[in-house]
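Right, one structure below, let's go through it.
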Amino acid sequence: MGIGNGFRGDDSVGILVLDRVMENVRDLREDQIIPVRLDGDQSIALDLMRSVEAVIIVDAARSNVPAGTIFRIDAGDRPVPGGIKFSSTHGYDIGYLIELARALKTLPKHVIIYGIATNNFGHGSNLTAEVRESIDAVVMKILKDIELLQKSWLSVH
Amino acid sequence: MKSSSIKVDYLARVEGEGSLLVKMRNGLVDDVKFKIFEPPRFFEAFLRGRKYSEAPDITARICGICPIAYQMSSVHAMENAFGVKVEGQIREMRRLLYCGEWIESHALHIYMLHAPDFLGYEDAIQLAKDHAETVQRGLRIKKTGNDLVALLAGREIHPINVKVGGFYKLPSKEDFTEVLAKLKQARDESYETVLWTATLPFPALDHDYEFVSLSHPTEYPMNEGRLVSSNGLDIDVREYELMFHETHVPYSNALQSTLKGRESYLVGPLARYNINFDKLSPLAKKAAEEIHAKPPLKNQFKSIIARAIEVLFACEEAIRIIENYEPPEKPDIEYEVGPGFGFGCTEAPRGILYHRYLVGENGLIRDAKIVPPTAQNQKMIETDLREFVKANGSLSKQDLTLRCEQLVRNFDPCISCATHFLSLEVEEITS
């Protein structure tokens, strides 16, 4: 699930990572991996999460650490830390929606969130150099997560 | 002399950024200011010089929650300027689209933003821990509204299918099959919602509001009608600026509206409901009667009931329109672009939304005026707060603060529309 707005600076990084991941998992069937771009009403993530085994989310995150810093949060069985704010122009950020899904008991078993630190949400489609340079590392981490999730799934099915 | 202050840095669960200041002197309300400090967004200015046909897509960007309202008011204003009227199935599709927006916007406010206040929860997450099925019901209803808007408008947010004269493309009858089934479930769940809202504990607030809404001879108003009020106003939309005035107050970046010869007035679900109750569907009326909520409802805390009844109505109306739908030969009508003024006013979920344009010979917009519902309700928010604080001075500081926040949310304010976060400050002064 790549979250972001392609015209708001580094906010597009979630979508760019999603596209790169999908280029590298072409051997997976459509019912095994579902790419989701969220650039509007993020509340639809609630519905999307309801019917899957695992969700991996990538979003830009506001933070006071250097731009390009990568956060990996395993939120399947523990709350999303309140100190990290994901970007959203429409009220509910993904952290809020995950906690709402947890309260509703509709959260998938595995929830992995990647946040990429930045404070550049200005107009335009240019990424800051540090954020652009972090994309490869995030993609590699996600591919590794997918591999482990597949193994885990196969071991119980 | 006694002084104290109550301060809330962020009033959550509203759309946009603003603040509230209540000053008290010796237990009496000294001053109330609903401050909107979000910078002006200059939409009216940058519409100048753009093509008339761009107005629906540009103005839709004013709000992520009620973009359809902006599209509807703008296309009606442009069609008014060109002397054309959209009828038949295209008109029905516009009404259907508006039903979708009312459903999604109202369901969001009822369940996610407002209900936690009544039931004593910090937010919808805490509410969901104890009332999961209730919140799930709200989310299902909201999603049905989203699905309807996405089907007709291209996507839920920043819709792209509305144009002056109609639509770019209309669905086939079969395209509605899935959403029709969802609407029938949403109708039933909306009825349950109405009954549920009636069980909420309502703080006392009896105010003799002047309610203002559209009124249409045969239908519950959405896109068309005359502007009427509970105190006798009855004007054509083009007379809006003769009767309604906008003033700038130093502490707010949104202009405040007053009605000529009066002060504050109320727009939104409670106003629509009280003025147009007779135009509701039989099922919506039945629900209102079952909970003893026939108009006039004068307690703004009960706006959540009016919203719930409007969701029920919108579901029924959407079902009616879809079941009678026969796709037109073309999704839009022909018209000639010409110079002149155009006026449009439609019922956004939060109340009347007025647009006025001056279009030049070349079809370029020379001037634009947009008055959103939250700007119109600003003064009434201040008036209600003043009355409520006056009557509830004995409440603890914490309770009074929470009630003031709840009161502001009665209005479902969209500060992003009016210019975006609200902080609340209640201050008691001693001199």
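The values are calculated or read from the model by the stated rules, or taken from the named source; none is laboratory data. Please read all numbers here as calculations on a predicted model, not as lab measurements. Neighbour counts run over all protein chains shown; Cβ positions are idealised from the backbone, glycine included.
Quick look at the numbers
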| item | result |
| --- | --- |
| Some residue of region A:58-74 being of a type in the set (Asp, Glu), within 15 Å of residue A:1 (Cα to Cα), surrounded by 19 or more Cβ atoms within 10 Å (Cβ to Cβ) and away from every other protein chain (no Cβ under 14 Å) | yes |
| Options B:302, B:286; residue that is under 27 Å from residue B:376 (Cβ atoms) and not hydrophobic (A, V, I, L, M, F, W, C) | B:302 |
| Residue in region A:116-138 that is modelled with the highest pLDDT, counting only those that are of a type in the set (A, V, I, L, M, F, W, C) and loosely packed, with under 15 Cβ neighbours inside 10 Å | A:137 |
| Residue within region B:153-172 that is surrounded by 15 or more Cβ atoms within 10 Å (Cβ to Cβ), more than 22 Å from the chain's Cα centre (by Cα) and within 14 Å of another protein chain (Cβ to nearest Cβ) present | no |
| So residue B:178, is it under 18 Å from residue B:376 (Cα atoms), assigned to a helix (DSSP H, G or I) and not β-branched (Val, Ile, Thr) | no |
| Among the candidates B:53, B:105, B:74, residue that is within 14 Å of chain A (Cβ to nearest Cβ) and either closer than 30 Å to residue B:383 by Cα or assigned to a helix (DSSP H, G or I) (or both) | B:105 |
| Within region B:32-87, considering residues that are at pLDDT below 95 and among the aromatic types (Phe, Trp, Tyr), the one farthest from residue B:362 (Cα to Cα) | B:34 |
| From the options A:141, A:151, residue that is modelled with pLDDT of 95 or more, part of a helix (DSSP H, G or I), over 15 Å from residue A:15 (Cα atoms) and away from chain B (no Cβ under 14 Å) | A:141 |
| Test: residue in region A:78-94 that is surrounded by 18 or more Cβ atoms within 10 Å (Cβ to Cβ), at pLDDT 90 or above and part of a loop (DSSP other than H, G, I, E, B) | no |
| Flag if residue B:239 is out of contact with any Ser or Thr (no Cβ under 7 Å at 6 or more places or on another chain) and at pLDDT 95 or above | yes |
| Residue within region B:136-147 that is buried (at least 19 other Cβ atoms within 10 Å of the Cβ), more than 8 Å from chain A (Cβ to nearest Cβ), of a type outside the set (Phe, Trp, Tyr) and within 22 Å of residue A:93 (Cβ to Cβ) present | yes |
| Qualifying residues in region B:196-233 (those that are modelled with pLDDT under 95 and aliphatic (A, V, I, L, M)) - the one nearest to residue B:268 (Cα to Cα) | B:205 |
| Residue list for region B:336-361, filter: in a loop (DSSP other than H, G, I, E, B) and within 23 Å of residue B:67 (Cβ to Cβ) | B:349, B:350 |
| Enumeration of residues in region B:320-357 that are buried (at least 21 other Cβ atoms within 10 Å of the Cβ) and aliphatic (A, V, I, L, M) | B:322, B:348, B:352, B:353 |
| Qualifying residue in region B:201-209 (condition: assigned to a helix (DSSP H, G or I) and more than 14 Å from chain A (Cβ to nearest Cβ)) | no |
| Wholly enclosed helices (runs of 4 or more DSSP H) of region B:214-310 bearing at least 1 residues loosely packed, with under 14 Cβ neighbours inside 10 Å | B:240-243, B:282-290 |
| Pairs, first not assigned by TED's automatic domain parsing to the domain that holds residue B:154 in region B:95-120, second surrounded by 24 or more Cβ atoms within 10 Å (Cβ to Cβ), C-beta under 9 Å, six or more apart | none |
| Filter result for residue A:113 (within 19 Å of residue A:18 (Cα to Cα) and either at pLDDT below 90 or surrounded by 15 or more Cβ atoms within 10 Å (Cβ to Cβ) (or both)) | yes |
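Residue-by-condition table, conditions (1) out of contact with any strand residue (DSSP E or B) (no Cβ under 8 Å at 6 or more places or on another chain); (2) within 24 Å of residue B:193 (Cβ to Cβ); (3) crowded, with 20+ Cβ neighbours inside 10 Å:
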| site | (1), (2), (3) |
| --- | --- |
| B:46 | yes, no, no |
| B:55 | no, no, yes |
| B:58 | yes, no, no |
| B:70 | no, no, yes |
| B:98 | no, yes, yes |
| B:107 | yes, yes, yes |
| B:111 | yes, yes, yes |
